[in-house]
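Everything below concerns the one structure shown next.
Values quoted throughout were computed directly from the atomic coordinates according to the rules given, and no laboratory measurement underlies them. From a predicted model like this one, the values you see are computed outputs, not experimental measurements. Glycine also receives a Cβ, built like all others from the backbone with ideal geometry; neighbour counts cover every protein chain displayed.
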Amino acid sequence: MNAIEIRNLSKSFRGMYAVDHLNMTVPVGAIYGFIGENGSGKSTTEKLICGHLVPDEGEIKLFGRDYTDPGVRVRVGALIENAGCFPGSSVYQNLRMQTINLGLENPDEEIRRVLEIVRMEDNAHLKFKSCSLGMKQRIGIAMALLGDPALLILDEPINGLDTDGMRIMREILVDITQKYGCTVLISSHILGELEKIATHYGIIRQGKMIMELSAAEMDSRAQVFVSLKVRDMQGAKAVLKANFDTIKEEEGYLRVYDVDDTAANVELLMKNGHAPSEIKKNKIGLEEYYIELMSQTETEKEEK
Ligand SMILES: Nc1ncnc2c1ncn2[C@@H]1O[C@H](COP(=O)(O)OP(=O)(O)O)[C@@H](O)[C@H]1O
Ligand SMILES: [Mg+2]
C-alpha cells in the first residue's frame, strides 16, 4: 500500500502554476526525500496534502483513501514552516495545549513518548523562546508526532542546522520510521544529508515531478568512475581517450567513467609512461546526479 498517492495535482497562484499536474507515490514505511530548488513547489505540495490549501484539480489519496476522509486526516502529522508554538510557554505547556486540541487521552504519557523520540525528555521545562533552532525543530516534530500519526510531513527540517543538529535529526527520523513504523515525507535541498537516510526520492521542478526513484534505483544508476592524478594530464588524457568512452577533467583529476576495473586504467597509463600518483574508485552521489539531471532538463527545454 502507498501512504501517499497523488495524481494530476495542480495549484496556481495568480494564474501561475505552483504545482503543475504533479504525480507522487510514497510507499508505506518510506523516508521520501522531496527535492527541488527554492520556489519549485515543495511547500505548496505539502500544504495541499495537509489540507492547508485547496487544490485546483487532482486527486490525493492517503493510505488508499481520499485525503479529506476524517479517519485518514488524524493519521497525518506535519511540520510546515514553523512549529506554531507560543514563545513564552514551556515545551511541556505547548505540547499539552496540542494534546487538548487533538483531544488525546493520557496526555502526559503521550507527551513523554514524543519528547523521548526527539531526545528532549530533559528539556520539557524550557521556554520555547529560549530553545536553540535545532531544539525548536525537534519540538515541532514532537508536536507533529502527538497522537501517533502514520504519516509525518516535514518541510525542510534540517535547514540551518549545524552538523550535530543534522546528525540528531537523522537519527530521530530513522527511529520514527523503524521503531514506530511511520512514513516520512521530507523536503530538503541539502542532498548530502538526505542521501544518508532517504529510501525514496522525488525530484520536483517548476511544479512538475520530473523523476521518482528508490534509493536502490538511484544507487544502480549512479555511475561508477575512477579518478586519477598524473603529472602530464593532457598526455594521460589522450592515452585514456583512445581506450575509454568518457573521460572528464574535474578539479585536478582525470575521471574515467563506466569502468569498474581500476587495474586496467593503471596498466594502460604505466605502459605509456604516465604513472598515476593517486587513484580512487568513486560513485556519483545524489548531489551530482541531481545537478546532472537539472542540466539535462535545462538543455531539453532550450531545444524545444
Ligand atoms: N500563498 C502564495 N501566494 C502566491 N504565490 C505563492 C504562494 N505560495 C507559494 N507561491 C509561489 O508558488 C511557487 C512555489 O512555492 P513553494 O511551494 O513555496 O516552493 P518551495 O517550497 O519548493 O520553495 C513559488 O513561485 C511561490 O512564489
Ligand atoms: Mg518551501
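Assorted remarks:
- With a simple spin-label model that places each label point 7 Å from the Cα along the Cα-to-Cβ direction, the separation between Arg113 and Ile291 comes to 4.4 nm.
- Evaluated at q = 0.08, 0.11, 0.14, 0.15 Å⁻¹: base-10 log I(q)/I(0), Debye formula over Cα of the range 2-216: -0.26, -0.51, -0.83, -0.95
- Among the lysines of the range 1-150, pairs that are 8 or more positions apart or on different chains and have alpha carbons within less than 20 Å of each other number 6.
- GNM on the chain, alpha-carbon springs under 10 angstrom: the most fluctuating residue among Cys50, Cys131, Cys182 is Cys131.
- The trypsin sites (Lys or Arg not before Pro) of the range 12-69 that DSSP puts in a loop, and whose beta carbon has at most 16 other beta carbons within 10 Å, are Arg14.
- Once backbone amide H atoms are built at 1.01 Å from N, Leu79 has Ile153, Leu154, Asp155 as its partners under 5 Å, excluding neighbours fewer than 5 places away on the same chain.
- If you plug the beta carbon distance of Met211 and Glu278 into 1/(1 + (r/R0)^6) with R0 = 35 Å, you get a FRET efficiency near 0.55.
- Under-5 Å amide H pairs with Tyr253, H placed in peptide plane, nonlocal only: none
- Largest GNM mean-square fluctuation across Asn101, Asn123, Asn23, computed for the chain with C-alpha springs under 10 Å, falls on Asn101.
- Percent of beta bridges antiparallel (DSSP, the chain, rounded to nearest 5): 65 percent
- Taking a span of 20 Å or more along the helix axis (Cα atoms) and a mean Kyte-Doolittle hydropathy of at least -0.5 as the rule, the DSSP H helices of the chain that qualify are 163-178.
- Highest-MSF residue in the chain out of Glu251, Glu121, Glu110 [GNM, Cα springs under 10 Å]: Glu251
- For Tyr67, the residues 5 or more places off, or on other chains, whose built amide H falls under 5 Å of its own are Ile60, Leu62.
- Summarising the label geometry, the points placed 7 Å from Cα in the beta-carbon direction at Asn38 and Asp69 lie 3.9 nm from one another.
- Only alpha carbons enter this Debye calculation for the range 153-239, each as an equal point scatterer, and the log10 of I(q)/I(0) it gives at q = 0.20, 0.26 Å⁻¹ is -1.01, -1.39.
- Selection of trypsin sites (Lys or Arg not before Pro), the range 80-187, meeting DSSP coil and at most 10 other Cβ within 10 Å: Lys179
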